[in-house]
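What follows is a short report on a single structure.
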Amino acid sequence: MDDLEAINRDVDTNASKISARHVQVHYGDTHAIKDVDVDIMERSVTAFIGPSGCGKSTFLRCINRMNDTIDICRVEGDICIDGEDIYDRNIDPVQLRARVGMVFQKPNPFPKSIYDNVAYGPKIHGLARSRADMDEIVERSLRRGAIWDEVKDRLHEPGTGLSGGQQQRLCIARAVATDPEVLLMDEPCSALDPIATAQIEELIDTLREKYTVVIVTHSMQQAARVSQKTAFFHLGSLVEYGDTDEIFTNPKDSRTESYISGRIG
Amino acid sequence: MTTKHISGAFDRDLEHAQAILMKMAGLVDEAMLRAAEALETNNLEMADAVRRNDKAIDELDESIKIDCARILATRSPNAGDLRTVLTVMSIATNLERCGDYAKNIAKRTSVLAHAHPVKDASPALRRMQKAVVDMMTDALNAFTRRDLEIAQEVRARDREIDEMYNTLFRSLLTHMMEEPHSITACMHLHFIAKNIERMGDHITSIAEQVIYLVSGDLPDDDRPKGDLTSFSNPDASGGTA
């Protein structure tokens, strides 16, 4: 039965969710992203890999316009989600970020209660009409973050009191609370121990049933384990993009092979 | 991929596993040659040595499997490195089986030494044995040189071995019908021929592993097969087909 589900989910990934064309990013004089074209598939996990400074995080941050917050950063080209240009003048970046959630390297819960951490997004976007509504959103989000059972009896204790792995799952719960379509994860496990990492990876696998997930990771094995598509960035260019299985067993580009087999870094 | 890994120990691990594989290949090659020679010259001492030396081959096979398991666990190899480890493991298994067949030939040699000699079987077996030994040399060359062309050529050559086996099978069958007192010897010679034919299959598998190692794809088209003895019936008119 599990196998059948896996097959069904793979078939689901034929539709493109995010489409980027000729994307260029400059930080002042530095040309950080060079003419990247990529189609990210709906309800799948796409991993961005590459050595430090290759532009993978920069490109990830373009997808929810996080780079807008950096003065010297200039983004050119088109990035569309469901065919809609997210850099269009009519798009409100704050609304966009409710649709495109983000999880960072280090867990960063607000210095508030577990409940308020999750309720924050729905509150500012006006997604709950009543207290009961909000309770429901909080519970659903914490369940999707695979942390409900661990925190349901202490929802009003501070989020910062949780362990690192629990804090990261709380952050994922917070990110899904606004019911986004896309989840961006920038090295979500690099500050976690192997057990917490395995829990997050398991969670990522369930998240792709509902969301389009894009993950930046330095762990090649993690990319191989959690993603269906892998994109390899090198010196600001997208060198190779394809099925994860293919990239890790038989890459087409010699630079990809050198990187994933530990010959260039 | 000829460039070195950032981790030099990774390079050493991979090189070590391949060096052991080559050492094992040397022993198997020698076992095949000596089993053939012992059979041809009725040299029971040599046959005995082949039987004893199989243990060393088995030990190397085990050592390769342990090395490869360690590389998989500690290095998590990808791409060409992953294919190298998988190929080394697979080739070691093929070599180990070839060693077993050589050992079996040597065992039968001891029995044949006391049996009634069978006319014409010896030159045909010698030709077959030479053909598989050559195939083995070329398959291992294809592996060390990562040569797709040689590997493909070796793979195609298995058909010749199969055809030699068919011919020998037919002539042994005829012989047994004509001279029932030679049945024991003929049966042993037939098993020897079958062992050599099976070596050919394992060498073909080595060649296919090399194709996978170099190209990333296992050959999927059906290779030419020539062993048709499973369909043969001596009672039917026209004998074997």
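The numbers here are math on the coordinates, done by the rules we state, and not lab data. Since the model is a prediction, treat every value here as computed from it, not as a measurement. Please note: Cβ atoms are built from the backbone with ideal geometry, for glycine as well, and neighbour counts cover all protein chains shown.
Tally Lys/Arg at +1 and Asp/Glu at -1 over every other residue whose Cβ is under 12 Å from the Cβ of B:GLU96; what's the total?
Net local charge, B:GLU96 excluded: -2.
Under 12 Å from the Cβ of A:ASP37, count the other residues' Cβ atoms, weight Lys and Arg +1, Asp and Glu -1, and hand me the total.
Working: positive: A:ARG21, A:LYS34; negative: A:ASP35, A:ASP39, A:ASP78.
After counting each charged neighbour, the total is -1.
Alpha carbon centre of the range B:162-207 versus the range B:20-46: separation in Å?
19 Å
Mind checking the angle between helix A:131-144 and chain A's longest principal axis? C-alpha axes, 0 to 90 degrees, to the nearest 10.
Between helix and principal axis, roughly 40 degrees.
Using a Förster radius of 35 Å, what is the FRET efficiency between B:GLU153 and A:SER52 based on their Cβ-Cβ separation? Nearest 0.05, please. Write down the numbers at each step before the final one.
Numbers: r = 45 Å, r/R0 = 1.29.
Here the calculated transfer efficiency is 0.15.
Sort B:THR144, A:THR217 so the one with the fewest other Cβ atoms within 10 Å of its own Cβ comes first.
B:THR144, A:THR217
Pairs on different chains or at least eight residues apart, Cα atoms closer than 22 Å: how many lysine pairs in the range B:1-154 fit?
12
Running a GNM on chain B with Cα contacts under 10 Å, which residue among B:ASP221, B:ASP54, B:ASP67 ends up with the highest mean-square fluctuation?
Answer for the Gaussian network model of chain B: B:ASP221.
For chain A, what is the mean residue ellipticity at 222 nm derived from helices alone (per DSSP H run of n ≥ 4: -39500 (n - 2.57); sum divided by total residues; nearest 500 deg cm²/dmol)?
Details: 11 runs with 101 residues, N = 265.
Roughly -11000 deg cm²/dmol at 222 nm, from the helical runs in chain A.
Taking R0 as 22 Å, what FRET efficiency do you get between A:HIS22 and A:LEU235 from their Cβ-Cβ distance, rounded to the nearest 0.05?
Working from the Cβ atoms, E equals 0.80.
If you count, for every residue in A:252-261, the Cβ atoms of partner chains within 10 Å of its Cβ, what is the mean?
Working: counts 1, 0, 4, 0, 2, 6, 6, 2, 7, 13.
Counting other chains' Cβ atoms within 10 Å and averaging over A:252-261 gives 4.
Which net charge results for the neighbourhood of B:HIS116, defined as the other residues with beta-carbon distances under 14 angstrom from its beta-carbon, given Lys and Arg at +1 and Asp and Glu at -1? Write out the running numbers ahead of the final one.
On the way: positive: B:LYS119; negative: B:ASP120, B:GLU178, B:GLU179.
Net local charge, B:HIS116 excluded: -2.
So what's the gap between the Cα centers of the range A:37-58 and the range A:203-259, to the nearest angstrom?
After rounding, the separation between the Cα centres reads 7 Å.
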